[in-house]
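These notes are about the structure you will find just below.
The values are calculated or read from the model by the stated rules, or taken from the named source; none is laboratory data. Note that the structure is predicted; figures quoted are calculated from it, not measured. Note: ideal-geometry Cβ built from the backbone for every residue, glycine included; neighbour counts use all protein chains shown. Quick note on the areas: whole protein, heavy atoms, side chains included, nothing else; ligands and nucleic acids left out. Shrake-Rupley method; radii C 1.70, N 1.55, O 1.52, S 1.80 Å.
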Amino acid sequence: MRKKMRSAMGVVMIAIMALAIGLVILLHFLKVSAAVVRGLEYSVVFLAVTLIVLFFVIDGLIKRQMIDGMHQLIRDMENISKGNLDVVSCVRGNTEFEQMSRGINAMVRSISRTSGMLTRVFEMMDAQFAVFEYNEDTRRVMTTDRLGMLLGIPSDELGPMVQDKQLFRTRLAWIIKTPIPGEDEVYQVGTAERPRYVRINVIAEDGSTFGMVADVTDDIKQKQAIIRERDYDPLTRIRNRRSFQREVTSLLQNRDLSVGAMIMIDLDKFKGINDTYGHAFGDEYLQKAAGFISRFSSRNSIVARRSGDEFYLVVYGFSSKEEIRQLARDYYKMLAAEPIDFPDGTRKSIGMSMGIAWYRKGITDFDAFLQCADDALYEAKEGGRNTFGEKEFE
């Protein structure tokens, strides 16, 4: 703008000077007296000097009264648009700019007051949620006070993130990369010992990203408790029969298990142990046995307690039957190498027999598959216990 005004003033000044010089030349042609021409020349020189002085004076006034003020107002507005609500605009020089400064400050105070009121309302409601917002053309992230607490981000880490949206987006992406199973937009924060769960909803529209974070820890823990009561055995903490049947039936109906098997497991001489050492140790014995059985396979397996001292599991995705047989042999070596303490001071290995029913492509009948594993288990017990028997599904 200043360049345009300078150019306009320059054009006017050159035009005036051209007219004055033209007048002097014309007087020479008209043979006007030398004194008159000389006086006019002095007048032209004086006019030129005056115009130059006026040019710089007016240019300086324009810069001070208009250009500098406009630039300052632009800088203030840019800072405010980036979320820096601490900006106080103070542009002096003319009445209009001072009025604009007061208007900008009033607008910023109104925004800050509204934001503060919303934050206080959230706190008065004791609502366990927070919001955040950032724009593509700004660097700062606008947040409410509880955001750091809900996301498990210490204040000394959150501070730089609020000032730099790239840091904030990176941390947020890391949090939401893995939702908890069975839940949409719910994520675990905190430690493994003291987990907390938050629901994070993010909406991006017209270059602006708005997010809401809500603490749903109580709801998720209640759901998990219901699932545990429904699907898991309360004593051994592994799946119960109903849950096992549902999961295995779904597995059989929806995929080819490659090389796999249904394995029935029965604890050898458990009744005598229970009668000799009491039910309390009997329960402890079952818990330790379940712990060993859960270690049978760390990949592609479903483990459950059937009832009493009977357990079963399905293993799948192996390359050969011999691989599963070797797994069973290694399992018995593990039992022998890790005896448990009995109430009478002795240390003995947990004894158990297994029946392996080999999977055949096309099996969808859970009960028939289980019966085949039962038959294999019976043969193993008849063969001397603490070993495994095998049976092909027919």
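The table below lists the values:
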quantity	calculated
Residues satisfying the stated conditions in the range 359-373, i.e. outside any helix (DSSP H, G or I) and either crowded, with 19+ Cβ neighbours inside 10 Å or more than 45 Å from the chain's Cα centre (by Cα) (or both)	359
Options 310, 284: the member that is within 18 Å of residue 241 (Cα to Cα) and surrounded by 13 or more Cβ atoms within 10 Å (Cβ to Cβ)	310
Hits in the range 248-282 (condition: farther than 23 Å from residue 380 by Cα and either out of contact with any helix residue (DSSP H, G or I) (no Cβ under 9 Å at 6 or more places or on another chain) or part of a loop (DSSP other than H, G, I, E, B) (or both))	250, 251, 253, 254, 255, 256, 257, 258, 276, 278, 279, 280
Some residue of the range 316-324 being closer than 25 Å to residue 232 by Cα, surrounded by 14 or more Cβ atoms within 10 Å (Cβ to Cβ) and of a type in the set (Phe, Trp, Tyr)	yes
Single condition residue 290 does not satisfy, out of (1) touching a helix residue (DSSP H, G or I) at 6+ places or on another chain (Cβ under 8 Å); (2) over 16 Å from residue 261 (Cα atoms); (3) crowded, with 18+ Cβ neighbours inside 10 Å	(1)
Residue within the range 127-144 that is of a type in the set (Phe, Trp, Tyr), at pLDDT below 80 and either surrounded by fewer than 11 Cβ atoms within 10 Å (Cβ to Cβ) or closer than 21 Å to residue 212 by Cβ (or both) present	no
Top-ranked residue in the range 315-339 [being basic (Lys, Arg) and out of contact with any strand residue (DSSP E or B) (no Cβ under 7 Å at 6 or more places or on another chain); ranked as nearest to residue 286 (Cα to Cα)]	333
Every residue from the range 378-394 that is in a helix (DSSP H, G or I) and open to solvent by 10 Å² or more (accessible area, probe 1.4 Å)	378, 379, 381, 382
Enumeration of residues in the range 345-375 that are in contact (Cβ under 8 Å) with a residue 40 or more places away in the chain and under 19 Å from residue 330 (Cα atoms)	350, 351, 352, 353, 354, 355, 356, 357, 358
Residue check for residue 287: of a type in the set (S, T, N, Q) and either closer than 26 Å to residue 226 by Cβ or part of a strand (DSSP E or B) (or both)	yes
Matching residues, the range 223-239, being under 25 Å from residue 295 (Cα atoms) and surrounded by 12 or more Cβ atoms within 10 Å (Cβ to Cβ)	224, 227, 228, 231, 232, 233, 235, 236, 237, 238, 239
Selected residue [open to solvent by less than 30 Å² (accessible area, probe 1.4 Å) and farther than 19 Å from residue 329 by Cα] from 273, 265	273
Search result, residues across the range 279-308 that are under 18 Å from residue 356 (Cα atoms) and among the basic types (Lys, Arg)	295, 299, 305, 306
